[in-house]
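> One structure follows; several queries about it will come next.
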Amino acid sequence: MNLNISSITEKIQRETEKIIIGKPRQIRLIVMALLAGGHVLLDDLPGLGKTTLIKTLAIVLGCDFKRIQFVPDLLPSDIMGMKIYNQKSGEFQLAQGPIMTNIVLADEVNRAIPRTQAALLEAMEEKQVTIDGQTFPLPSPFMVMATQNPVESDSSFNLPAGQMDRFLIRLSLGYLGHDEEREMLERLGDGTPFESVENVTDAAEITAMQEDIKSVHLSRPVADYIVSLTQKTREHPSLKMGAGPRASRSLYKAAKVLAAMSGREFVIPDDVQEILQPVLAHRLILTNEARLSGKTASQIVEEAQKRVPVPPGREELFRE
């Protein structure tokens, strides 16, 4: 690798933790998702710092950032933009929507109608948008960080399976512990000091890191391990739908990024295991019987992990 990805991501982590207290794992996984070219769904209660986390990361990463508040009357053109007739020039000109940026905060994404939610699909999968038959590429890097409140159901719409599958990972921040919440009050109680956060990198360097990570080696045994894990979910009797090929590709890309963030040029099974839950659980659809019995997608991922043998061998064997 040409860039010291481990050193850069450590600096990103340190700067972000100046504002975001007690969430090192979530920060690490979001940075991983960005470098893997993926998107993040933050599924959590109000007031736990989701928006603050995303805004802080945008500053640290040196990337353009836009926030879209999803509401029932939001239209696809409010996200993507539209062509407007210019009377002076006599031509239609593009009025860019907020999607034309590096990091998009899709706040309360489940409050928009399905038609508007669907407008995100092309952007998330193809890194482009189509307006009046004309295709426009999105900036690089590009990441959607969507939030949803899992408790309130009024005026909200469930995200379809196809859209859930396009999120690389789903995370929850959760409540802080007592000492961490006291530290948060002492550090941030009078206002969020975004000015104390330093810029660590920029869009060009992030894009270069994404290219660099492609050279990370993932051996045949680890590839077999990934496929066996996803296929094991498809066989589970408690599922209507298991993890598909896109999930295997997501594990593949995410594991390579974690290896690079750990200073390695090759993937080991531990990298796959670290991101198994956030990559797979949200893609699984349980049967009605399984839901009524209290079964969860996380439990099924755990069962799959236990049933699939870990590739044996010393770390050096996964270099080849």
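Each reported figure results from applying straightforward, stated rules to the coordinates on display, with no laboratory input. Model, not experiment: these values are computed from the prediction. Methodologically, a virtual Cβ is constructed for each residue, glycine included, from the backbone with ideal geometry; neighbour enumeration extends over all protein chains shown.
> Nearest-5 percent of antiparallel DSSP beta bridges in segment 1-117? Don't jump to the answer; show the numbers that get you there.
Values: 6 of 11 bridges.
Close to 55 percent.
> So, R0 is 25 Å and r is the distance between the beta-carbons of residue 228 and residue 125; what FRET efficiency does that work out to, to 0.05? Intermediate values should be presented prior to the final figure.
Working: r = 26 Å, r/R0 = 1.02.
The value I calculate is 0.45.
> So, one more: Considering the values [x] 8; [y] 16; [z] 21, which represents percent of Cα pairs over 38 Å apart as calculated for the structure under consideration?
Checked against the structure: label [y].
> GNM, the chain, Cα, under 10 Å: largest mean-square fluctuation among 110, 149, 86?
Among 110, 149, 86, the largest GNM mean-square fluctuation belongs to 86.
> Another one. Give me the distance between the Cα centres of segment 5-30 and segment 161-190, rounded to whole Å.
13
> Express as a percent, rounded to the nearest 5, the fraction of DSSP beta bridges in the chain (both residues included) that run antiparallel.
Numbers: 12 of 29 bridges.
The answer is about 40 percent antiparallel.
> Which order do peptides 216-224, 124-132 fall in by mean Cβ count within 10 Å, highest first? Could you put the intermediate results ahead of the total?
Details: 216-224: 16.8, 124-132: 15.1.
The packing order, highest mean first, is 216-224, 124-132.
> Would you compute, from DSSP H runs of 4+ residues alone, the mean residue ellipticity of the chain at 222 nm, taking -39500 (n - 2.57) per run and dividing by the full residue count, rounded to the nearest 500? Walk me through the numbers on the way to the answer.
Working: 14 runs with 139 residues, N = 320.
That calculation yields -12500 deg cm²/dmol at 222 nm.
> Quickly work out the residue 135-to-residue 204 label distance, labels modelled 7 Å from Cα along the C-beta direction, and quote it in nm with one decimal.
It is 2.7 nm.
> Let me ask another. Could you sort 185-197, 244-256, 89-101, 68-80 so that the peptide with the highest average Cβ count within 10 Å comes first and the rest follow in order? Walk me through the numbers before you get to the answer.
Working: 185-197: 11.6, 244-256: 20.8, 89-101: 14.5, 68-80: 17.0.
By packing density, highest mean first, the sequence is 244-256, 68-80, 89-101, 185-197.
> Round to a whole angstrom and tell me the spacing of the C-alpha centers of segment 101-160 and segment 279-295.
The distance from the Cα centre of segment 101-160 to that of segment 279-295 comes to 24 Å.
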